[in-house]
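Each remark here refers to the structure printed beneath this line.
The values are calculated or read from the model by the stated rules, or taken from the named source; none is laboratory data. For clarity, every value in this text was computed on a predicted model and none was experimentally measured. Counting neighbours? That spans all protein chains shown, and the Cβs are built from the backbone with ideal geometry, glycine included. Ligands, DNA and RNA are stripped out before the accessible areas are found, and what is left, the full protein with its side chains, is counted by its heavy atoms. Shrake-Rupley method; radii C 1.70, N 1.55, O 1.52, S 1.80 Å.
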Amino acid sequence: MLEIKNFSKHYGSKAAVMNLSLTIEQGDIYGFIGHNGAGKTTTLKAVTGIMPIESGDILLDGVSIKEKPLECKKKMAYIPDNPELYESMTGFKYIKFICDIYGVPADKREKNIRKYAESFGMLNDLSEPISTYSHGMKQKINLIAAFSHEPKLMVLDEPFVGLDPVASHKLKEYMRELCASGGAIFFSTHVLEVAEKLCNKIAIIKNGELIRSGPIEEVRGDSSLESLFLELTEGIKNA
């Protein structure tokens, strides 16, 4: 489904990501783990077409996001680590705006918006301006909008930050549901316990380089994911 091929990115003379190659297949919940500044967000932004690819390529269903960005973006949803929404809109208008962009039919959007708004406890808040929302509420609006257009691939950057326990539980449930229906998830997280329980595959990145990837049982071996991560990233400050 998603293939990252020898992707590299520099900021001036500093290499943020170096020759990264990963394959996320249909049905995967793929966790992307690394210390702060390891290159996770840079990679996710390149996957979604937000950041130009200076070296290598990224393919979705065999189509290059460099060559056909709109075709690829139509199949995916992106949840950034910091919700950036149009705060003058109400929650409902923003979700409707996203559904309009993706061409979601009226009957499907109505059903999906109600389903996800109820699940995330936002149904009674949709008429309020986004400017009045907390960080967690903005995150929920992003999630409702993303799930409502039924993406094939969902890319999430630290999606559990700011969510209450009920919303976190619902998000995990819907991530599994999307993958069971033939989609895939690629997400970064610092919450190693979540990755260990939720993911079937993980990749660990250190200083822009991939140091371990594959099925989670194979990657962690007899260790816990936390122990493995601390061992592999030893010596890095602010990890």
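The length gained on full extension between Glu150 and Ile211, counted as 0.36 nm times the residue separation minus their Cα-Cα distance, comes to 18.7 nm.
Placing +1 on the Cβ of every Lys and Arg and -1 on the Cβ of every Asp and Glu, with no other charges, gives the range 124-178 a dipole of roughly 100 debye about its Cα centre. Cross-link pairs exceeding 20 Å in C-alpha to C-alpha distance, out of Lys40/Lys138; Lys45/Lys115; Lys9/Lys45, comprise Lys40/Lys138; Lys45/Lys115. Residue ranges 26-39, 1-14 sort as 26-39, 1-14 when ordered by packing (mean number of other C-beta atoms within 10 Å per residue, highest first). Per residue of the chain, the DSSP helices (runs of n ≥ 4 H) give a summed -39500 (n - 2.57) that works out to -10500 deg cm²/dmol at 222 nm. Per residue, the average separation of C-alpha pairs within less than 8 Å and at least 6 apart gives the chain a relative contact order of 28 percent.
The DSSP beta bridges internal to the chain are antiparallel in roughly 55% of cases. When only the Cβ of Lys, Arg, Asp and Glu is charged (+1, +1, -1, -1), the dipole of the chain relative to its Cα centre reaches about 540 debye.
Solvent-accessible area per residue in the chain equals 48 Å², computed with a 1.4 angstrom probe and all protein chains kept. Split the accessible area of the chain by element, probe 1.4 Å, and carbon with sulfur accounts for 48%. Both numbers refer to the Cα atoms of the chain; Rg and Dmax are 17.7, 54 Å.
Across the range 11-140, Cα pairs under 8 Å and at least six residues apart give a relative contact order of 18 percent. Among Glu150, Glu128, Glu158, the largest mean-square fluctuation in a Gaussian network model of the chain, built with springs joining Cα atoms closer than 10 Å, belongs to Glu128.
In the chain, a dipole from Cβ-located charges (positive for Lys and Arg, negative for Asp and Glu) runs towards its positive end, and of Ser88, Met175, Ser134 it is Ser88 whose Cα lies farthest in that direction.
Roughly how many nanometres apart are two label points built 7 Å out from the Cα toward the Cβ at Glu67 and Lys5? Output for this residue pair reads 0.9 nm. With a Förster radius of 41 Å applied to the beta-carbon distance between Ser134 and Lys74, the computed FRET efficiency rounds to 0.85. For the pair Glu177 and Asp100, a Förster radius of 30 Å applied to the C-beta separation gives a FRET efficiency near 0.80, rounded to the nearest 0.05.
Helix 165-180 and the long axis of the chain differ in direction by around 80°, with both axes built from C-alpha atoms.
Within the range 43-161, the proportion of Cα pairs with more than 16 Å between them is 61 percent.
Computed from backbone phi, the HN-Hα couplings of the range 96-110 come to 4, 4, 5, 4, 4, 4, 8, x, 6, x, 4, 5, 5, 5, 4 Hz, rounded to whole numbers (Karplus: 6.51 cos²θ - 1.76 cosθ + 1.60, θ = phi - 60°; Gly and Pro given as x).
Rounding to the nearest 20 debye, state how big the charge dipole of the range 1-99 is about its Cα centre with +1 on each Lys and Arg Cβ and -1 on each Asp and Glu Cβ.
220
What aspartates and glutamates sit close enough to Lys68 to cross-link, taking a C-alpha to C-alpha distance under 16 Å and skipping anything fewer than 8 places away on the same chain? Excluding near neighbours in sequence, the set is Glu3, Glu54, Asp57.
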